[in-house]
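Worksheet for the structure shown next.
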Amino acid sequence: MPTHKEKLLKNLPGKKMKFTRRCLKFALTILLLLPLLKATSQTQEIDLSGKWGFQTDVMDFRRGSLSPRYNHKLQDSIILPGITDDFKIGYKNPYKYIDRLTRKYEYMAPAWYQRDIEIPKEWKGKRIFMYFERTHWLSSIFVDTKEVSKVDYISVPHNHDLTAFVTPGTKHRITVGIDNRYQYNTHKWNHAHTEFTQINWNGILGEIKLVAIDPVYVDDLQVYPNIADKSIKVKMQVRNYTKKNITGNASFTVNGKKYNMVKKIPVSVNDSLVTIEEVIQLGRDIKLWDEFNPNVYNITCQLKTSSEKGSYTHEKSATFGMREVKQGKNHVLINNRPVHLRGTVENAVFPKTGYAPVDDAEWERIMLILKKYGMNHLRFHSWCPPKAAFRMADKHGIYFEVEMPMWGKDAEVDEDRYNFFRREMRGILKEYGNHPSFVLYCNGNEITGNFDFIEELTSNARDLDNRHLFSGSTARTRVKSDQYYVSQQTNKGPVKVYEGLPHTKWDRSTESDVDVPVISHESGQRCIYPNFEEIKKYANSPVEARNFEVFRDMLKENGMLDQAPDFFKASGALTVLEYKAVIEALLRSSKSAGFQLLSLNDFPGQGYAPVGLLDPFWDSKGLVTPEKFRESCAPTVALLRYAKSSYFNDETFAGDAEVYNFGPKAIENAKIKWWVTNEAGKTLQNGNLRKRSIGRDDVFPVGNFSFNLKGVTSAQKLTVHLSVNEAIKNSWDIWVYPRNENLMKSTAEVLYTSMYDDKAKQQLAQGKTVVLCPQPENVKGRTSTFHNHFWNPIMFAWKPMTIGALIKNDHPVFDQFITSYHTDWQWWDILNNARVIEMQNAPKDLRPFIQIIDSYDNNEKLGIGFEAKVGQGKLLVLAVDTQKDMANRPATRQLLVSVDNYVKSGKFNPKVAVEEPFIQSFLMK
Amino acid sequence: MRRRIFLMTGLVFSCIFIYAQQIKMSATAGLDQIYGSTVISENLLPFNEIDVEFGYVLYEAQISVESEDAVLELENVRDFAAVYVDTIVQGSITNDERKITLNTAQGKHLLRIYVENIGRITYGPEILDNSKGLFGRVTVDGEEVVGWKITPLKVRDLQIEDLKFHSKKSNALPGFHKGFFNVSDVKDTYLNMAGWGMGEVWINGQYIGSYWEKEKLQSIQVVADILRKDKNEIVIFELKNNSQNTVGFADEPVFN
């Protein structure tokens, strides 16, 4: 806790650096009231936020020039905290980047920030530091004409020791160089400074201050909880710059909700640096920390010492929680209990500011969103967030995995780079190690190169700090010191889950069961068509969605701009149901340690991946409510294993119910109910499973049930519900169809054919109807698939480059086929046995009733089913295989029935005419 | 490699004897039993064009070797390949090391390249080219090799009981190796694959995992559930053929 005086100093009006006389006087008055403290025995701070002199240095020549020698005043000005983008400094970008949001003003070079600062004469004898909470990458300080300090951490604050270079009572011209160029040859995609997400900004963020402290002070305060005996071990580094032997005491105060205790110990410091270790018993009122009980405590050490020359006071505080993390057989253990991590990957996506927030409010918002979506975990992919993120995760009970800015070939031999990582790792552990939310540490993402170096980092980190679990690299070579493993595969097989299946009798348990807990890496990644409405959200951002403008213009040129909102909603709905399937598969995997969805929010780089249920601003896209999402992603979830989604009505539905319970407690006498409703909401069947107590920290089978579908005489969508004690509910849609034995019967009026031959042409010429169902292998065009594209079609240009389907569900062709505007699992056997027709050259007004959504960097019209006039005749084309394995394709059979009823009814009256060359264009010769 | 196994065995001295035993491979089965349908092509085709997404494919072609120390060079290897001339192993190659000197007599020979695709490229300059397997040019001393027989190997969904084993190995080509071992105390353990090249393992017909000598992790966890008291069967699919003929268990994971 800051002292009363510190608070006053921090809140100086106007946040000016000038140490106003009025405040000094006030502070001195306070000090007079505290006769034990002398004016020289307090930490003092000067807030340096506000206006600074400024100059760009795109030629990187100020250091090499003679300017510093003349102590020139910089000519421009800037407000800190802030970044150059805020002031439109840099290259005004005329381009429209396709693969990312476009930065409006690009700047990558040294930039110089300057202020004349009077060092208070009271600071004589103190240690004087200049502190920047977050900057990147290299900060260097000139005091007057001389460069005196350089720091190049990425993940932690820069704290420059200026003691030897400033004179109390003197005004110095302080010039700060911030160089955001890559200081080492590291991967350009790492999220600490990539242009793909947060931009590679130049500036200083968070607290910017000059700090004066007594020469005997606590440099480092680390708290190691021991939950068994309710104690903490405090490990302090005490520095002594007095060159004298010092004695005194350290007084520890531990504060928390309904908790306060003080312990005082004698201290003697006979060297320039000593380590003090003290075990403090906290008593039985201390509470453990975990996701359900995020009890946070604050410890302050007040160090009061003296020598014959004077007395010294320093205070250092830390936040901690009573929690231990251990490596379980398959799970991470928090306080000896297995947890299952339900998380998302955080990639420093902050387009509103262009940098990761350093304030509590924005991080609190994110933590609350995670909780709202049933999550308890956040992986920081190739970066480490600022302190505010840890504070808010401590407060709300979120488990963090943090990483260094390390990716790809960063482990290839390069001693300079290696040394940077060695420093950075230690910096992260020291700065954030006390936070209970800091549960997992991994060096970086998908690393290649020298794994002896990765093992060295991991092993050293383990030796340094036992308050976290450590892992060498995500999704690459294992190392001996791994305590957990985030990967898409183990040596027992794949643990990734990118997409669902039309049944739920599967999991990734066996493959996850190796020597360390395994977390499924970057699950999901299902692409949604961009929502062009988001363009306007960037008005006040340092970046703009100019890529969206390009995509939108292309869609307009291709005559489908009016369909943009439908493409967004239909592909979005598909992603929602894929994520339900993905997450439930990983919850069914009792030997999986958890998953990291990629991602709850969009990723605006690497080609632009709109895979999120939230946009890049962490605002909902309106595709699913958090309440609905929590049915599949929460501490306790009802799960159901069943064999398929589409049934004939002479079959029986059978389900094996399970309860995933990683909630705070076991569920005594759980009442487990199942029931089945139709689309009107009417309950058709129901039952209770045997009442039982459900344990915790595992996935529990709770019984099975079945029901006969013979009462369902017409095609129907049914919903199977499962509940545990009313509060926990989940549901799954299934589709039931009659056998539909007689399909595709031609009549005099209607000809079914798989060939566009003379007979078909003749039929059309007679003004009659032709239903053309060409075999997929005879159709040019693209492979048909159920799933929407993985990640995004720009980065992974894998065929067929489609992102779901838009179904014209109010079209009479679907009168007998129950479907939404988007595809759902009943479409599985249709879409996996079809071929996508490229229809860009069809008349503009021709819109397929089964329309496939093209990749947004191509935006061509695609379809599987459409109707058209051909001369006087009427044509319906359905590029679906109507021969293969039809006995097991109930939905396709039903679709054919619906088509049949339609074409044989008076409603079949195509409006748009096509010419024969178009028909020939998509058929193999 | 042998030495390491004995060292590991020493380390686990305290464990029950059966876990320290070296299991001797006593029978082999040829890969021809798991051939998929062969595609004939003048030029190389990547996996993608023969509808193989992951797994193993055998590329075969006639070559004419006209010099001693002839050099085989491949333009793209995704991701690992074991090279054989006739039935003699020449070594393994990856995309980082795409050249190999052939140790073979002058004359006509059958070049066999067994390729495994490990995964997709997720970053880097090759990201837009996600072809898998072999593609581009293959040359022997600069002469392009053409006329390929490309055969998918159905390893992953294999029913082990369908394989026909013979007690004697007829050649050094990649194949399946079978052995038996006894367990008196059934418990979770680790199979130590150190010494083996690259492949996959089944115990009692159940798939237990894969291994690769280039990985640091050299063991595969074996859960007690799949072990039987007394007689158990192990089958190893080995791609590279390091002439390893035994395998053992360890109490702890084994790392290089």
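The values are calculated or read from the model by the stated rules, or taken from the named source; none is laboratory data. Just so it is clear, the structure is predicted and the values come from calculations on it, not from any experiment. Backbone-built Cβ (ideal geometry, glycine too); neighbour counts: all protein chains shown.
Assorted remarks:
- Scan of segment A:54-88 for residues that are surrounded by 20 or more Cβ atoms within 10 Å (Cβ to Cβ) and among the β-branched types (Val, Ile, Thr), ordered by number: A:ILE78, A:ILE83, A:THR84
- Any chance A:ARG526 is of a type outside the set (A, V, I, L, M, F, W, C) and closer than 30 Å to B:GLY209 by Cα: yes
- If the condition is being of a type in the set (A, V, I, L, M, F, W, C) and more than 13 Å from every other protein chain (Cβ to nearest Cβ), then segment A:472-525 contributes A:VAL486, A:VAL497, A:LEU501, A:TRP506, A:ILE519.
- Residue in segment B:157-165 that is among the β-branched types (Val, Ile, Thr), in contact with a Phe, Trp or Tyr (Cβ under 6 Å, 6 or more places away or on another chain) and modelled with pLDDT under 95 present: yes
- Some residue of segment A:419-429 being among the β-branched types (Val, Ile, Thr), over 30 Å from A:VAL218 (Cβ atoms) and modelled with pLDDT of 95 or more: no
- Condition met for A:LYS580 (part of a helix (DSSP H, G or I) and in contact with a Ser or Thr (Cβ under 7 Å, 6 or more places away or on another chain)): yes
- When residues of segment B:228-255 are limited to those that are within 14 Å of chain A (Cβ to nearest Cβ) and closer than 25 Å to B:ASP162 by Cα, the one nearest to the chain's Cα centre (by Cα): B:PHE237
- Filtered residues of segment A:670-688 (kept if without any contact (Cβ under 8 Å) to a residue 40 or more places away in the chain and either assigned to a loop (DSSP other than H, G, I, E, B) or crowded, with 18+ Cβ neighbours inside 10 Å (or both)): A:ALA680, A:GLY681, A:LYS682
- Test: A:GLY500 is of a type outside the set (Asp, Glu), within 23 Å of A:THR448 (Cβ to Cβ) and over 18 Å from the mean Cα position of the chain (by Cα): no
- Number of positions in segment A:858-912 that are closer than 20 Å to A:ALA842 by Cα and touching a residue at least 60 places away in the same chain (Cβ under 8 Å): 20
- Applying a threshold of 9 Å to beta carbon distances and a minimum spacing of six or more residues, or different chains, the list of pairs starting in segment A:451-464 at a residue that is over 15 Å from B:LYS216 (Cα atoms) and ending at one that is aromatic (Phe, Trp, Tyr) reads A:LEU457/A:TYR418; A:LEU457/A:PHE421; A:LEU457/A:PHE470; A:ALA461/A:TYR441; A:ALA461/A:PHE470; A:ARG462/A:PHE470.
- Taking each residue of segment A:340-368 that is farther than 26 Å from A:VAL325 by Cα and looking for partners that are outside any loop (DSSP other than H, G, I, E, B) and β-branched (Val, Ile, Thr) with beta-carbon atoms closer than 9 Å, six or more apart or interchain, yields A:PRO351/A:VAL543; A:THR353/A:ILE83; A:GLY354/A:ILE83; A:GLY354/A:VAL543; A:TYR355/A:ILE83; A:PRO357/A:ILE366.
- Within segment A:522-538, residues that are under 27 Å from A:LEU586 (Cα atoms) have Cβ atoms under 6 Å from residues that are charged (D, E, K, R) in these pairs: A:ARG526/A:GLU578, counting only partners at least 6 apart in sequence or on another chain.
- A single entry from A:ILE794, A:ILE830 fulfils the requirement of being outside any strand (DSSP E or B), more than 14 Å from chain B (Cβ to nearest Cβ) and β-branched (Val, Ile, Thr): A:ILE830.
- B:GLU200 more than 17 Å from A:ASP515 (Cβ to Cβ) and within 11 Å of chain A (Cβ to nearest Cβ): yes
- Inspection of segment A:294-309 finds a residue satisfying the criterion of being within 23 Å of the chain's Cα centre (by Cα), of a type outside the set (Val, Ile, Thr) and not in a loop (DSSP other than H, G, I, E, B).
- Within this structure, A:SER693 passes the test of being assigned to a strand (DSSP E or B), farther than 20 Å from A:GLY374 by Cβ and free of Cβ contacts under 8 Å to residues at least 40 places away in the same chain.
- Candidates B:GLN159, B:GLN206, filtered to the one that is among the polar types (S, T, N, Q), away from every other protein chain (no Cβ under 14 Å) and free of Cβ contacts under 8 Å to residues at least 60 places away in the same chain: B:GLN159
- Residue count for segment A:455-471, restricted to those that are within 14 Å of chain B (Cβ to nearest Cβ) and not in a helix (DSSP H, G or I): 1
- Within the set A:THR783, A:THR802, A:THR819, A:THR719, the sole residue that is β-branched (Val, Ile, Thr) and in the same structural domain as A:GLY695 (by TED's automatic domain parsing) turns out to be A:THR719.
- The strands (runs of 3 or more DSSP E) located wholly in segment A:347-449 that include 1 or more residues which are more than 13 Å from the chain's Cα centre (by Cα) and farther than 20 Å from A:GLU207 by Cα occupy A:399-403, A:407-411, A:438-442, A:445-449.
- All of A:LEU577, A:LEU586 fail the test of being under 23 Å from the mean Cα position of the chain (by Cα) and within 30 Å of B:ALA224 (Cα to Cα), apart from A:LEU586.
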